[in-house]
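**Student:** Below is one structure. I have some questions about it.
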Amino acid sequence: MKRVGIIGGTFNPIHKAHLNIALEAYKQYDLDEVWFMPAGNPPHKMIWDNISPKDRMEMVSLAIKDFSQFKLCEIEINKTEPCYTWKTLKELHKKYGESIAFFFIIGADSFYQFSNWVKPEKICKYAEILVAGRPEENTEYDFKEKKKEYQQRYGDHFSEIKVDMMHISSTEIREKLELGEDVESVIPSEVLSYIRQKNLYLNRYAPQRLLTIQKEVQNELKPERFEHTLGVMYTAGNLAYRYHISSGKALVAGLLHDCAKCLSDERRLDICREQNIPMSDIEKKNPHLLHGKVGAYLAKEKYGISDDDVLHSIAVHTTGCVDMSILDKIIYVADYIEPHRDKAPRLPEIREMAYINLDQCVYMILEDTVNYLGNNPENLDETTVKTFEYYKNILKKGN
């Protein structure tokens, strides 16, 4: 019986850690082949910035072309419906019957969440599970203990790949590419050449695209709101340079953060109901607070922004949220300190702090907001209070 390993993923883009894991699985478990299976439409995540299936498939082909033991598996890549691992493995099992024994290769983070997958028992029915690495955020992780737990639930289907993990992620690579940083050590040279040739991941928010969006936004907003929007956009761009993240993301998030301000309160409520966007009681009573959440929806549907980081920063810029990303914090702060603002207390100190300590700046804004709205608790959103307490504790622990 032929022994075939399968390593799946969006491969957006594929990198050397993927190849390293596949090689170790091939050697350690006496596999005949390892199939690289690019995801078509995974149910748990969006394909970043709509990079086409053809491009992701081509990058995989280029990465594995010099490895005779590696093959491209196209079973999922062109499917438009959500692809579930158990269904794919069932389809492969039906096609190849008993002629192939399949070994499904996953990372430790995925292994740790395996019980949350759709029908994990079916996955174990059709393949053995090979696990590489250690969960990035769980240093106490013990493969043997987790394996013992899963054995009781799914049977003895789990083995560990001994591999020196390369600390590479596709997300980090995309960020570096957009910022023009060197990635030659982590991406196969043929793949990098293809990325440059096709201009993938580069200049997603090029000046021409930003200008087009800017003109559209200007047509929708009142002049004074548009001036505020430009102030937020440029302030966010400056803060992005200060904190070493993508200025393109910050600029487009700042440009679109108030794109739902042109809508009436009734229309914001209608969109939230139609799109099943959750609303707090405070937001229902004060629909103007919904312009962040509705703005994220419009940014995606009307302005074609598919970047989850950008959409999230727009959605939370009114209330904040616990454990904000750097981009979230930048848009939250930029909305408060942009040059046209002149009424909030401590503005000079807050503006100075924005370029010194972002968490401290967020806390100062939240503190003033909670104090100001404390006299009118019916206008104080619970999320803002939770965010205030979160950053208060963060700063307390740091002292």
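The values are calculated or read from the model by the stated rules, or taken from the named source; none is laboratory data. All values reported here derive from a predicted model rather than from experimental measurement. Backbone-built Cβ (ideal geometry, glycine too); neighbour counts: all protein chains shown. Just the protein is used for accessible areas: all its heavy atoms, side chains included, with ligands, DNA and RNA removed. Shrake-Rupley method; radii C 1.70, N 1.55, O 1.52, S 1.80 Å.
**Student:** Of everything in the range 246-283, what is charged (D, E, K, R), touching a helix residue (DSSP H, G or I) at 6+ places or on another chain (Cβ under 7 Å) and either touching a residue at least 40 places away in the same chain (Cβ under 8 Å) or within 22 Å of ILE213 (Cβ to Cβ) (or both)? Give them in sequence order.
**Tutor:** LYS249, ASP258, LYS261, ARG268, GLU283
**Student:** Only residues in the range 294-305 that are in contact (Cβ under 8 Å) with a residue 40 or more places away in the chain and under 16 Å from ARG273 (Cβ atoms) count as the first member; pair them with residues that are open to solvent by less than 40 Å² (accessible area, probe 1.4 Å) and in a helix (DSSP H, G or I), Cβ under 9 angstrom, at least 6 apart or cross-chain, and list the lot.
**Tutor:** Sorted first by the residue in the range 294-305, then by its partner, the pairs are LEU298/LEU256; LEU298/ILE271; LEU298/ILE314.
**Student:** Look through the range 262-284, keep the residues that are surrounded by 11 or more Cβ atoms within 10 Å (Cβ to Cβ) and of a type in the set (Asp, Glu), and return whichever of them is farthest from THR319 (Cα to Cα).
**Tutor:** Ranking the qualifying residues of the range 262-284, first place goes to ASP270.
**Student:** Just checking, does the range 43-53 include any residue being crowded, with 18+ Cβ neighbours inside 10 Å, of a type in the set (A, V, I, L, M, F, W, C), modelled with pLDDT of 90 or more and closer than 22 Å to ASN12 by Cα?
**Tutor:** No: the range 43-53 contains no residue that is crowded, with 18+ Cβ neighbours inside 10 Å, of a type in the set (A, V, I, L, M, F, W, C), modelled with pLDDT of 90 or more and closer than 22 Å to ASN12 by Cα.
**Student:** Here's a follow-up. Among the residues in the range 62-76, are any touching a helix residue (DSSP H, G or I) at 6+ places or on another chain (Cβ under 8 Å), more than 27 Å from ILE187 (Cα to Cα) and of a type in the set (Gly, Ala, Ser)?
**Tutor:** no
**Student:** Still on this structure: For the structure I just gave you, tell me whether THR212 is outside any loop (DSSP other than H, G, I, E, B) and more than 23 Å from the chain's Cα centre (by Cα).
**Tutor:** yes
**Student:** If you don't mind, there's one more thing I want to ask. Of everything in the range 94-110 that's open to solvent by less than 60 Å² (accessible area, probe 1.4 Å) and either basic (Lys, Arg) or modelled with pLDDT of 95 or more (or both), which residue is farthest from MET1 (Cα to Cα)?
**Tutor:** ILE106
**Student:** Can you tell me which residues in the range 187-228 are open to solvent by 30 Å² or more (accessible area, probe 1.4 Å) and within 21 Å of ARG341 (Cβ to Cβ)?
**Tutor:** Once the filter is applied, which keeps residues that are open to solvent by 30 Å² or more (accessible area, probe 1.4 Å) and within 21 Å of ARG341 (Cβ to Cβ), the range 187-228 yields GLN214, GLN218, LYS222, PRO223, GLU224, ARG225, GLU227.
**Student:** Quick test for you: out of GLU184, GLU172, pick the one residue that is part of a helix (DSSP H, G or I), open to solvent by 70 Å² or more (accessible area, probe 1.4 Å) and under 30 Å from ARG56 (Cα atoms).
**Tutor:** Of GLU184, GLU172, the one residue that is part of a helix (DSSP H, G or I), open to solvent by 70 Å² or more (accessible area, probe 1.4 Å) and under 30 Å from ARG56 (Cα atoms) is GLU172.
**Student:** Among the residues of the range 380-392, is there at least one that is over 29 Å from TYR205 (Cβ atoms) and part of a loop (DSSP other than H, G, I, E, B)?
**Tutor:** yes
**Student:** Output the number of residues of the range 286-300 satisfying the condition of being at pLDDT 95 or above and open to solvent by 20 Å² or more (accessible area, probe 1.4 Å).
**Tutor:** Matching residues across the range 286-300 total 3.
**Student:** Residues GLY231, GLY155: which one is over 20 Å from GLY304 (Cβ atoms), more than 25 Å from the chain's Cα centre (by Cα) and buried (at least 17 other Cβ atoms within 10 Å of the Cβ)?
**Tutor:** GLY231
**Student:** Of these, GLU58, GLU160, GLU149, GLU76, which one is in contact with a Ser or Thr (Cβ under 7 Å, 6 or more places away or on another chain) and either touching a residue at least 40 places away in the same chain (Cβ under 8 Å) or surrounded by fewer than 18 Cβ atoms within 10 Å (Cβ to Cβ) (or both)?
**Tutor:** One residue alone meets the criteria, GLU76.
**Student:** Considering only the range 15-36, state which residues are in contact with a Lys or Arg (Cβ under 9 Å, 6 or more places away or on another chain), open to solvent by 20 Å² or more (accessible area, probe 1.4 Å) and on the phi < 0 side of the Ramachandran plot.
**Tutor:** GLU24, GLN28, TYR29, ASP32, GLU33, TRP35, listed by residue number.
**Student:** Another question, if that's okay. When residues of the range 321-352 are filtered for being open to solvent by less than 20 Å² (accessible area, probe 1.4 Å), in a helix (DSSP H, G or I) and in contact (Cβ under 8 Å) with a residue 24 or more places away in the chain, how many remain?
**Tutor:** Summing the residues that are open to solvent by less than 20 Å² (accessible area, probe 1.4 Å), in a helix (DSSP H, G or I) and in contact (Cβ under 8 Å) with a residue 24 or more places away in the chain in the range 321-352 gives 7.
**Student:** Counting only residues that are of a type in the set (Gly, Ala, Ser), give me the helices (runs of 4 or more DSSP H) lying completely in the range 239-310 with at least 1 of them.
**Tutor:** In the range 239-310, 247-256, 291-301 are the helices (runs of 4 or more DSSP H) which contain 1 or more residues that are of a type in the set (Gly, Ala, Ser).
**Student:** Out of the residues in the range 117-148 meeting the condition of being part of a loop (DSSP other than H, G, I, E, B) and small (Gly, Ala, Ser), tell me which one is modelled with the highest pLDDT.
**Tutor:** Selected residue: ALA127.
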